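Worksheet: one structure, shown below.
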Amino acid sequence: RPRVLSGIQPTADSFHFGNYLGALRQWIALQDEYDAYYCIVDLHAITMEHDPDTLRERTYRSAAQLIALGIDVSKSALFVQSHVPEHAQLAWVLSCITGFGEASRMTQFKDKSAKGGTERATVGLFTYPVLQAADILLYNADRVPVGEDQRQHLELTRDLAGRFNHRFGDTFRLPAPHIVAQTAKIVDLQDPTIKMSKSASSPAGIVDLLDDPKRSAKKIRSAVTDSGTEIRFDEENKPGVSNLLTIYSTLTGRAVADLEQAYADKGYGHLKVDLADIVVDAVTPIRERTSELLADRAELDRMLAAGARKARDVAADTLAEVYRRVGFVGRVR
Ligand code: AQP
């Protein structure tokens, strides 16, 4: 069966609608057809300053949310990145075939280091995309479901895989990004010119899965809409309304054209009130299931341990092959 891999950082108390609609829904959809590996990337999470206890808590919260959203641990390997040491080991090898200039062109590093300047950014943040390439290549993933913001990192991963294969012989499969155009970039509810993001969005611009549903409903009702009155999907001239139509369509399965027709003689307010109800209905069960799962940490530990075992089986083989190909002498046991 073809393989799929993706990861998410445990860097917030809750995932937001950008993560959910842009990436996590695809994780769930793909797990039936693909041999799926999904990781909570805690190694990536320490590339920015963090608090250890908060990271631990958020790692559990991430696992609970993923399961609540529909990741089936009997089908997919759901694991914590640091439980599989091969990620860091392969990242080192890949960093030795990554150009410094090539890594310097990654826009996420530029964006994330912009505030404090590159002088203060960590080397870990700089090599983040190389570790991400290792995450993907360890499992020889065919598909990587992500949002649009990850496209450049996927390109780098393909370049590194191709370069390694060229130098050391065919080892890695070249992964393709799996980006669903409609939901590739969910935008901020208050500023539709930027993506919804935990670091750049204001509290009113971001909808969190685990937030009080009443608060989320209010945020949808006060979303910025565009001038004019017509409810029409037009990302350029009506980015706010278009974003709401995207969220509506994705949560209900109704086509955007169908929604345009249904709201043809109604106002923005009407659309927002209806969408607020839909959002409440969507998040309420996820929130309840997450808190049930969080009540039994030992069970979460067991599920994550099983995921890590499954992941290590594959990762250890890939790393052994890589070590052999680059010329390391095998350890005699
Ligand atoms: N607004 C978005 N629209 C569509 N997809 C999105 N993703 C994130 N924001 C949007 C996708 O979510 C997945 C998880 O990404 P991550 O672990 O890298 O999360 P993140 O980047 O830390 O989330 P943020 O909010 O985007 O964080 P900051 O503000 O720190 O950059 C990825 O597949 C991502 O594409």
#### Entry: Checklist (1) within 14 Å of the ligand (Cβ to nearest atom); (2) open to solvent by less than 10 Å² (accessible area, probe 1.4 Å) applied to VAL241, failing item
(1)
### Query
Quick one: which of SER201, SER222, SER216, SER197 is surrounded by fewer than 16 Cβ atoms within 10 Å (Cβ to Cβ) and either more than 17 Å from the chain's Cα centre (by Cα) or closer than 20 Å to LEU24 by Cβ (or both)?
SER222
### Query
Going through region 220-238 one residue at a time, which ones are within 25 Å of VAL283 (Cα to Cα) and polar (S, T, N, Q)?
SER222, THR225
### Task
Considering each residue of region 157-171, count those that are open to solvent by 70 Å² or more (accessible area, probe 1.4 Å) and either in a loop (DSSP other than H, G, I, E, B) or in contact (Cβ under 8 Å) with a residue 12 or more places away in the chain (or both), and give that number.
4
### Summary
Residue hits (region 119-151; free of Cβ contacts under 8 Å to residues at least 40 places away in the same chain, more than 14 Å from the ligand (Cβ to nearest atom) and open to solvent by 30 Å² or more (accessible area, probe 1.4 Å)) are GLU119, ARG120, VAL123, PHE126, THR127
### Query
Do you know which residues across region 274-298 are exposed (fewer than 15 other Cβ atoms within 10 Å of the Cβ) and more than 29 Å from TYR60 (Cβ to Cβ)?
ASP277
### Members of region 192-207 that are in contact (Cβ under 8 Å) with a residue 60 or more places away in the chain and either outside any loop (DSSP other than H, G, I, E, B) or of a type in the set (Lys, Arg) (or both)
LYS195, LYS198
## Note on the structure
Turns out the helices (runs of 4 or more DSSP H) fully within region 1-108 with at least 2 residues that are loosely packed, with under 15 Cβ neighbours inside 10 Å and away from the ligand (no atom under 11 Å from the Cβ) are 52-69, 86-95, 100-104
### Query
Which of the residues spanning region 109-118 are part of a loop (DSSP other than H, G, I, E, B) and within 16 Å of the ligand (Cβ to nearest atom)?
ALA114, LYS115, GLY116
### Message
If the requirement is being within 12 Å of the ligand (Cβ to nearest atom), at pLDDT 95 or above and in a loop (DSSP other than H, G, I, E, B), which of these qualifies: LEU154, LEU189, LEU174?
### Response
LEU189
### Query
Could you give every pair whose Cβ atoms fall below 6 Å, whose first residue belongs to region 245-259 and is hydrophobic (A, V, I, L, M, F, W, C), and whose second residue is surrounded by 16 or more Cβ atoms within 10 Å (Cβ to Cβ) and outside any helix (DSSP H, G or I), counting only separations of at least 6 or pairs across chains?
LEU245/PHE233; VAL256/PHE233
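The values are calculated or read from the model by the stated rules, or taken from the named source; none is laboratory data. Bear in mind that the values here come from a model prediction, so they are computed numbers and not experimental data. Note that each Cβ is placed from the backbone with ideal geometry, even for glycine, and that neighbours are counted across all protein chains shown. The protein model used for the area step is the full one, side chains on, heavy atoms only, and it has no ligands, DNA or RNA in it. Shrake-Rupley method; radii C 1.70, N 1.55, O 1.52, S 1.80 Å.
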